[in-house]
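The values are calculated or read from the model by the stated rules, or taken from the named source; none is laboratory data. Worth saying up front: this structure is predicted, and the values here are computed from it rather than measured. Counting neighbours? That spans all protein chains shown, and the Cβs are built from the backbone with ideal geometry, glycine included. With ligands, DNA and RNA removed, areas are computed over all heavy atoms of the protein, side chains included. Shrake-Rupley method; radii C 1.70, N 1.55, O 1.52, S 1.80 Å.
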Amino acid sequence: MLIASKLIPAGTGLAPVLVRRAARVELDWDTRQKSRFDAVDSQGRTIGVFLARGQVVRGGDVLVAEDGSLIAVKAKAQPVLVVTPGAHGSPLDLLRAAYHLGNRHVPLEVSAVRLQLEPDHVLAEMLSRMGLHVDTAEAAFEPEAGAYDSARAGNEHAALGHGRAHDRGHDHGDDHGDHGHGDRGTYDDDGHSHS
């Protein structure tokens, strides 16, 4: 068994050609949310994944094996509930649904036009009673990391085009205080704008 104990979120810093040539592994959310699991990659190798407790694997991440080989992770399609506004609904209905699902600590994938969650007939009924359209599908499931997952929050921030750090700004481990990212003023030593 080959051991992989390092994860490169979204393959950050790797040349695209290295990621394209890497072995692949397709994993569902139930497996990817664990920090220790076994999987078989596209080369037929059994990989023992041993990550830091609480670290999750996302589609697009790259695992590094003890021999230096790379294993690109793909989020495997799995059964999900897809929730969209009803016939006469609005995006505000999705916000209300996300609020209620969040109160129940349901892993939830959020987009501007839909929510995705793992199948649950009780939740499907609740969402239907709220006037939302609930459908089933087979799709990759990438639920929100959560507000307190600082490692992943930085990567989601980077995916929005902000990167991990500004030119002379702060690192994304802080809470950003009360400033925005739209300003392009000057920054003092702690990275906060003074324009």
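For segment 70-80, a tally of residues being in contact with a Leu (Cβ under 7 Å, 6 or more places away or on another chain) and basic (K, R) returns 1. The residues of segment 118-145 that are open to solvent by less than 60 Å² (accessible area, probe 1.4 Å), under 13 Å from L101 (Cβ atoms) and touching a Lys or Arg at 6+ places or on another chain (Cβ under 8 Å) amount to a single one, L123.
Results for (1) hydroxyl-bearing (S, T, Y); (2) touching a Ser or Thr at 6+ places or on another chain (Cβ under 6 Å); (3) more than 19 Å from V17 (Cα to Cα), shown as yes or no for each residue.
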{"residue": "R58", "(1), (2), (3)": "no, no, yes"}
{"residue": "V62", "(1), (2), (3)": "no, no, no"}
{"residue": "A65", "(1), (2), (3)": "no, no, no"}
{"residue": "I71", "(1), (2), (3)": "no, no, no"}
{"residue": "V83", "(1), (2), (3)": "no, no, yes"}
{"residue": "S90", "(1), (2), (3)": "yes, no, yes"}
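Taken together, the residues in segment 1-28 that are assigned to a helix (DSSP H, G or I) and surrounded by 16 or more Cβ atoms within 10 Å (Cβ to Cβ) amount to 4. Quick check on G48: is it farther than 29 Å from P119 by Cβ, out of contact with any Leu (no Cβ under 6 Å at 6 or more places or on another chain) and free of Cβ contacts under 8 Å to residues at least 12 places away in the same chain? Criteria not met by G48.
The set of residues in segment 52-62 being outside any strand (DSSP E or B), open to solvent by less than 10 Å² (accessible area, probe 1.4 Å) and among the aliphatic types (A, V, I, L, M) consists of V57 alone.
Check whether at least one residue in segment 81-88 is in contact with a Leu (Cβ under 9 Å, 6 or more places away or on another chain), farther than 26 Å from G146 by Cα and modelled with pLDDT of 95 or more, and report yes or no. No, segment 81-88 contains no residue that is in contact with a Leu (Cβ under 9 Å, 6 or more places away or on another chain), farther than 26 Å from G146 by Cα and modelled with pLDDT of 95 or more.
The single condition from (1) within 23 Å of V80 (Cβ to Cβ); (2) touching a residue at least 24 places away in the same chain (Cβ under 8 Å); (3) out of contact with any Gly (no Cβ under 8 Å at 6 or more places or on another chain) that A10 fails is (3). Taking segment 29-51 as the range and being over 21 Å from E144 (Cα atoms), among the polar types (S, T, N, Q) and outside any loop (DSSP other than H, G, I, E, B) as the test, only T46 passes. Looking across segment 89-102 at every residue that is among the hydrophobic types (A, V, I, L, M, F, W, C) and loosely packed, with under 15 Cβ neighbours inside 10 Å, the one that is modelled with the lowest pLDDT is identified as L92. Just one of the numbered conditions (1) in contact (Cβ under 8 Å) with a residue 40 or more places away in the chain; (2) open to solvent by 70 Å² or more (accessible area, probe 1.4 Å) is not true of H105: (1). Of the numbered criteria (1) surrounded by fewer than 17 Cβ atoms within 10 Å (Cβ to Cβ); (2) touching a residue at least 12 places away in the same chain (Cβ under 8 Å), the one A65 fails is (1).
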